[in-house]
């Protein structure tokens, strides 16, 4: 099990994050790219590109493609609903349970808990605690959490 802290950088023109372990060691960094749609690139602590998140353009509901280590890994689409927020997740057979926009949710694979996400309150920038229960799922869980955060930010900007 590993716990990561996803912290949005303050005073950045584009969305960017530092993802650290509980000792403050950098594990991943995230940089947004200038493009027509939202696009983020994830780098490991050696500055190697390990993943991307790209918002599709010209879709009725927001959709994001996730690439991991140079290979397409899946898509997250927001579903049209009136009272709740729901996503169709076509990504590693995973699903989410809980309150995504309250930022207290669990990532599941069948009945196995992959990770849990909690928003840290009283923080200057968006900060999340991500607990991953199998270290082999770490990058994939980070990419999914970042994708859901991107949609939350995009939703807030559309309001």
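Values quoted throughout were computed directly from the atomic coordinates according to the rules given, and no laboratory measurement underlies them. Bear in mind the structure is a predicted one, so any value in this text is a computation, not a measurement. A quick note on method: Cβ atoms are made from the backbone with ideal geometry, for glycine too, and the neighbour counts reach across all protein chains shown.
For this structure, a couple of remarks:
- Spin-label model, residue 110/residue 57: points 7 Å from Cα along the beta carbon direction are separated by 4.1 nm.
- Segment 2-158: relative contact order in percent, alpha carbon pairs under 8 Å with at least 6 residues between: 17
- Calculated FRET value between residue 85 and residue 44, using beta carbons and R₀ = 35 Å, to 0.05: 0.70
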